[in-house]
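Single-structure report; data block below.
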């Protein structure tokens, strides 16, 4: 049997009395449309929860009319004035829906927002601190989930992680190393990346201060300078 026949057979088995096709209101020239690209459930990264099927049920008199949407085309999304770029701040209804048309239709939908995620970029290095491009890695998240992937041409690991201070364990083997390398890294929220605490942790992430000595001294120095105003000018 073909894949299509299999899916139709499966749908027929679990739905003995399907909804008549005539009850589905058209969206442009189609009976369904793909809106997830511009209307995810998390605003920092794509996540599994955003890959969803949403069914809106309307009173006949309230059915949306003359929608500009077109199946398999982002053209109407961009030309109809419907997509916000960048996202509105604050988010309408606390949901990161960029399409104003979808937002208007979904404003009374009690969809549960997915766990807030953020995009992680972490450059992996060998023991000489040279980047490790196109390198396979295994990353263990705080909840024990194991994520595998490969760094890009600059040695950067890209992943979606929970929006919080998280500690990650990453194992990988650079092409220049005879054995795998394991690092423990703490990732901060975007608005905390320039804090003294984050700066000290970045030094720790590079492997310095494992015993606490030089980091403790640096920590003390940073605290002493926290309230000092720095003024001056660059020379020629």
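The values are calculated or read from the model by the stated rules, or taken from the named source; none is laboratory data. Computed from a predicted structure; not experimentally measured. Reconstructed Cβ throughout: ideal geometry from the backbone, glycine too, with neighbour counts over all protein chains shown.
Observations on the model:
- In the range 192-203, residue surrounded by the fewest Cβ atoms within 10 Å (Cβ to Cβ) [restricted to those that are assigned to a loop (DSSP other than H, G, I, E, B) and modelled with pLDDT of 70 or more]: 194
- Being at pLDDT 80 or above, surrounded by 10 or more Cβ atoms within 10 Å (Cβ to Cβ) and assigned to a loop (DSSP other than H, G, I, E, B) is not true of residue 81.
- Criterion applied to 189, 206 was being modelled with pLDDT under 80 and surrounded by fewer than 13 Cβ atoms within 10 Å (Cβ to Cβ), and the one residue passing it is 206.
- Number of residues in the range 117-133 that are within 21 Å of the chain's Cα centre (by Cα) and surrounded by fewer than 16 Cβ atoms within 10 Å (Cβ to Cβ): the value is 3.
- Restricting attention to the range 5-25, the residues that are loosely packed, with under 11 Cβ neighbours inside 10 Å and either closer than 30 Å to residue 100 by Cβ or modelled with pLDDT under 80 (or both) total 13.
- Subset of the range 50-77 [closer than 15 Å to residue 28 by Cβ and part of a helix (DSSP H, G or I)]: 75, 76, 77
- Any hit, the range 153-175, residues being over 28 Å from residue 40 (Cβ atoms), modelled with pLDDT of 90 or more and surrounded by fewer than 11 Cβ atoms within 10 Å (Cβ to Cβ): yes
- If you go through the range 110-141 and pick out every residue that is farther than 13 Å from residue 170 by Cα, at pLDDT 90 or above and not in a loop (DSSP other than H, G, I, E, B), you end up with 1.
Residues checked against (1) within 28 Å of the chain's Cα centre (by Cα); (2) under 30 Å from residue 163 (Cβ atoms); (3) modelled with pLDDT under 80:
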{"position": "39", "(1), (2), (3)": "yes, yes, no"}
{"position": "43", "(1), (2), (3)": "yes, yes, yes"}
{"position": "64", "(1), (2), (3)": "no, no, no"}
{"position": "71", "(1), (2), (3)": "yes, no, no"}
{"position": "99", "(1), (2), (3)": "yes, yes, no"}
{"position": "108", "(1), (2), (3)": "yes, yes, yes"}
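- Matching residues in the range 146-190 - criterion: being in contact (Cβ under 8 Å) with a residue 60 or more places away in the chain and within 16 Å of residue 129 (Cβ to Cβ): 185
- Within the range 26-39, the set of residues being in contact (Cβ under 8 Å) with a residue 12 or more places away in the chain, surrounded by 10 or more Cβ atoms within 10 Å (Cβ to Cβ) and part of a loop (DSSP other than H, G, I, E, B) comprises 28, 32, 33, 34, 35, 36, 37, 38, 39.
- Top-ranked residue in the range 176-185 [being in contact with a strand residue (DSSP E or B) (Cβ under 8 Å, 6 or more places away or on another chain) and surrounded by 13 or more Cβ atoms within 10 Å (Cβ to Cβ); ranked as modelled with the highest pLDDT]: 181
- The range 145-175, residues that are over 20 Å from residue 191 (Cβ atoms) and assigned to a strand (DSSP E or B): 146, 147, 148, 149, 150, 156, 157, 158, 169, 170, 171, 172
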